[in-house]
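See below for the structure under consideration.
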């Protein structure tokens, strides 16, 4: 299993250089005016970045306010008995709330837990697994839908949050099972 | 759904902030307007007439926890400066010195720019050459959380723009590359190669459509932990899906599937940021992350498919038949 891992790690190093060199060379071979086409495509980059701004502002400012309001303390205090009853350590609970909302915020929580408990503690392992196995759902939502101007998101939010919820809860049990 | 979550975040921020502030007022957390006792220590040979004197300060030497009603112990002697003018004396704690609560909050609210806690001294009594006692009064601190949420909203709005503009370079690079891939026919080979796996997940995309190629690239980049490349590839996929969308403001089923798969983040290689934080300890977590991410991907796919079958979401599907009549629900 360890060699599979190393192979994957190695592969991930080669992917980007291969694509960046491979696309233009293959284009040249197929007699595509590669420079001209690259510039045509690249022009879109600026427009996409500008198009997502309103969506990102909307999402991030609401999340920023929620974080700054101290809501986390209330939630953790209120749900502590329930969490301990199902075997979730209350220390990782802020991570479960923050993870779909902000990437930098959840990274800060992992760092903070490392300071408190050390890298080898089960708490940090749970939090890091949560971080590594999910994405910042609301950020992805704002960027992806923002880039094409989609405002009516239908069932995208519930589907994304369902996946997050399962991942966040499962991380607790999987880490306890592997390392507990 | 997003409308409610968004409004909920904002509404609850106000509610929680108000509750916290009222609780602070009721508990008198910051002891506004009540002078706290200080013990000052002077360096040898200090000149009592000098304007600025370096000092060491002990806050509430006779019981910090009792005065502020906290559990923590008071700080030891802290570095600071005594400012003596004709108008009176002022104590300035050293910049960025580690302070316990609630002093840290008092500092962050009253001295945003310099991050040095200041207070007016009263009842200054010198005791010999190297010590003195006094009382200090800090500026009153009220509605900390209300100020904090306003501040957070403004700074996050700025962050959003920084984030978006920071993407321009990488976006341009990959969008240029993908343009070449499309024109050279490379993308279509990829489409043919991956569509047996992807078409069942994205049945609404026509056979041999380039969107499938972009999706394949996006998912691969994600899997390999290449977040920087994955986003532009995913956005190119969205653009391609949008061309198939008859109702430009509403998400189609393939868009939602792509989004769900991205938020579940199929990560075989852990993201760069986590590797940076965890260092070598990340190696132990390879399998736990793999198991969790695989299950959450399965849940994402099932949820995107399953929820799409519900009547309210079938009715808003841009590709529904018969063709859309009027604007219906705004969700």
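Read the figures in this text as sums done on the coordinates, not as results from a lab. Quantities reported herein were computed from a predicted structural model and do not represent experimental measurements. Here Cβ is always computed from backbone atoms with ideal geometry, including for glycine, and neighbour counts include all displayed protein chains.
At a glance:
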| read-out | value |
| --- | --- |
| Mean Cβ count within 10 Å, highest first, over the residues of peptides B:122-129, B:210-217 | B:210-217, B:122-129 |
| Cα centroid separation, the range B:218-292 to the range A:1-37 (Å) | 18 |
| Taking B:155, B:111 and counting other C-beta atoms within 10 Å, the order from fewest to most | B:155, B:111 |
| Ranked B:174, A:177, B:6, criterion: other C-beta atoms within 10 Å, fewest first | A:177, B:6, B:174 |
| Shielding by partners - mean other protein chain Cβ count within 10 Å, residues of B:306-312 | 3 |
| Contact order normalised by residue count of the range B:1-132, Cα under 8 Å, 6+ apart, percent | 21 |
| Förster radius 35 Å - calculated FRET efficiency between residue B:95 and residue A:104 (Cβ-Cβ, nearest 0.05) | 0.90 |
| Using alpha-carbon coordinates, inclination of helix B:210-223 to the longest axis of chain B, degrees | 40 |
| In degrees, nearest ten, helix B:227-243 long axis to first principal axis of chain B (Cα) | 50 |
| Exercise: per-residue mean of other protein chain Cβ atoms within 10 Å, A:96-106 | 1 |
| The protein assembly as shown: calculated mean residue ellipticity at 222 nm from DSSP helix runs of at least 4, using -39500 (n - 2.57) | -20500 deg cm²/dmol |
| Relative contact order for chain A, counting Cα pairs under 8 Å that sit 6 or more residues apart, in percent | 23 |
| Between 0 and 90°, nearest 10: helix A:34-68 axis offset from chain A longest Cα axis | 20 |
| Shielding by partners, peptide B:239-248 (average Cβ within 10 angstrom, other chains) | 2 |
| Mean separation of Cα contacts under 8 Å, 6 or more apart, over the residue count of chain B: relative contact order % | 12 |
| Order of A:5, A:67, B:309 - criterion: other Cβ atoms within 10 Å of each residue's Cβ, fewest first | B:309, A:5, A:67 |
